[in-house]
Amino acid sequence: MRLVSSLLVVIGCTTDPSATDPDTDPSSAAPVTVRVATWNIQGVGRAGSNEGDAERAVLARIDADVVGLNEIDDGEQDRLRTLAADLGYATVFIPADNPFGGLRNAMLVRLPGVDVGAPSSASLSSDDRANDVTRYPVRAVVDVPGTSVDLTVVVTHWKSGFALDDRFRRTL
C-alpha cells in the first residue's frame with residue numbers, strides 16, 4: 001500500500017456572456033460556470049485497483065471541466081489516458097519530455113477549442129539559455145461554452161532539487 005500526500009484545489013469560474021457583448025440583453029444572459037481543479041496526484045493507479053478506483057471517485061465527484069495533475073511518472077501515460085477516457089475527458093496532455101527527472105505535469109480537458117502546450121524555461125524567459133523549471137508547466141486554452149470567452153489554465157508544480165546548485169530554483 002502506498003501512502004499518498006496530495007493537494008487538491010477546485011476553482012469555479014462563472015462568466016457572464018453579456019459582459020463581452022454589449023448588444024446582448026443582460027436580463028436574458030445566463031452565467032456560464034467552468035470548473036477547474038488541480039491535484040498533486042503523485043502517480044496514477046491502475047484501473048480497477050483501490051488507488052485507481054479512489055482517483056476516479058474523487059475526480060468524478062469534483063466533476064471539473066479542466067483538471068491539472070502533478071507528479072505523473074514515466075510509464076503512466078496509458079493509465080492517465082484510461083483514467084481520462086473513463087471520466088469523459090476528450091483531451092489528455094502530458095509533455096513528451098521533462099527537464100528534471102521522470103515526474104511530469106498533465107492536463108485533462110472536457111471543453112471544446114482546446115490548445116495545449118508546455119512552455120520551457122527558455123520560452124518563458126528573455127534568456128534562451130534559461131533552464132530553471134524542474135517540470136514543464138502545462139497550459140490549456142479552452143472555449144467557454146455559450147460565450148466568446150477563452151479561458152487559459154496553467155498548472156505547475158513548484159519544486160527544485162536539493163543540491164547547492166539548485167539554490168536559485170528553491171529561491172524562486
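Worth pointing out:
- Residue among 53, 73 that is in contact with a Leu (Cβ under 8 Å, 6 or more places away or on another chain) and modelled with pLDDT of 90 or more: 73
- Scope segment 55-71; condition open to solvent by 10 Å² or more (accessible area, probe 1.4 Å) and over 23 Å from residue 102 (Cβ atoms); matching residues: 56, 57, 58, 60, 61, 62, 63, 65
- Selection of segment 120-162 for residues being among the basic types (Lys, Arg) and either modelled with pLDDT of 90 or more or over 18 Å from residue 98 (Cα atoms) (or both) yields only 139.
- Of all the listed residues (167, 135, 129), the sole one being touching a residue at least 60 places away in the same chain (Cβ under 8 Å) and either open to solvent by 50 Å² or more (accessible area, probe 1.4 Å) or part of a loop (DSSP other than H, G, I, E, B) (or both) is 135.
- When 96, 84 are checked against the criterion of being of a type in the set (Gly, Ala, Ser), open to solvent by less than 50 Å² (accessible area, probe 1.4 Å) and closer than 18 Å to residue 44 by Cα, 84 stands alone in meeting it.
- Qualifying residue in segment 140-157 (condition: closer than 29 Å to residue 52 by Cα, open to solvent by less than 50 Å² (accessible area, probe 1.4 Å) and over 14 Å from the mean Cα position of the chain (by Cα)): no
- When the criteria are applied in full, residue 23 fails the requirement of being within 28 Å of residue 130 (Cβ to Cβ), modelled with pLDDT under 90, open to solvent by 60 Å² or more (accessible area, probe 1.4 Å) and not in a helix (DSSP H, G or I).
- Criterion: in contact with a Ser or Thr (Cβ under 8 Å, 6 or more places away or on another chain), on the phi > 0 side of the Ramachandran plot and open to solvent by 30 Å² or more (accessible area, probe 1.4 Å) - qualifying residue of 113, 101: 101
- The listed residue being under 28 Å from residue 162 (Cα atoms), within 17 Å of the chain's Cα centre (by Cα) and at pLDDT 95 or above, out of 43, 68, 117: 68
The values are calculated or read from the model by the stated rules, or taken from the named source; none is laboratory data. Keep in mind the model is a prediction, meaning the values are calculated, not measured. When we count neighbours, we look across all protein chains shown, and the Cβ atoms used for this are built from the backbone with ideal geometry, even at glycine. SASA here: full protein model, heavy atoms, side chains in, ligands and nucleic acids out. Shrake-Rupley method; radii C 1.70, N 1.55, O 1.52, S 1.80 Å.
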